[in-house]
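Have a look at the structure below, then the notes.
The values are calculated or read from the model by the stated rules, or taken from the named source; none is laboratory data. Predicted model only: the values in this text are computed from it and were never measured. Every residue, glycine as well, gets a Cβ built from its backbone with ideal geometry; the counts of neighbours run over all protein chains shown. Only protein heavy atoms, including side chains, enter the accessible area calculation; ligands, DNA and RNA are left aside. Shrake-Rupley method; radii C 1.70, N 1.55, O 1.52, S 1.80 Å.
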Amino acid sequence: MDIQNSGFLSIEQVKDQFLSQNKNVTKPRSDVSFKDIFEAKSLVNEPKELKFSKHAANRLVDRNISLTAEQMGRLEDGAMKAHAKGIKESLVIVDSLAFIVNIPNNTVVTALDQAESNENVFTNIDGAVII
């Protein structure tokens, strides 16, 4: 049986046909630079508004801690600084108040005032920011 005249393509013919089709394919060129894409992705990963876990909210009430707008801004600033340094669990100290902040979730997980932090021992953190 003659493959050339049978209407079936040989492996070589299929290979040649496939390879010649791929030679003409050009990828569209993008005018967006790597820097633009990197900066856009970096903005997506920046921390959003700081939130308080249920536990932290209860600690604020139990310990009669109230934050001023200025202190809250400094706490958020400390969380952003920790994020920039790659810290995951941070101790952020604002005035005489100490906060443990989960940076990836942007959540305050507990809060202490100076009276509660007598021992000055903080565990399960990998960084500290003093504002």
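Sorting E89, E49, E116 by accessible area puts them as E49, E116, E89; the probe is 1.4 Å, largest comes first, and only protein heavy atoms count. For the pair E49 and Q114, label points projected 7 Å from Cα toward Cβ lie 3.1 nm apart. FRET efficiency for the V32 to D126 pair, using the beta carbon distance and R₀ = 30 Å, is estimated at 0.30. Reducing the range 56-74 and the range 99-113 to their Cα centroids gives an inter-centroid distance of 11 Å.
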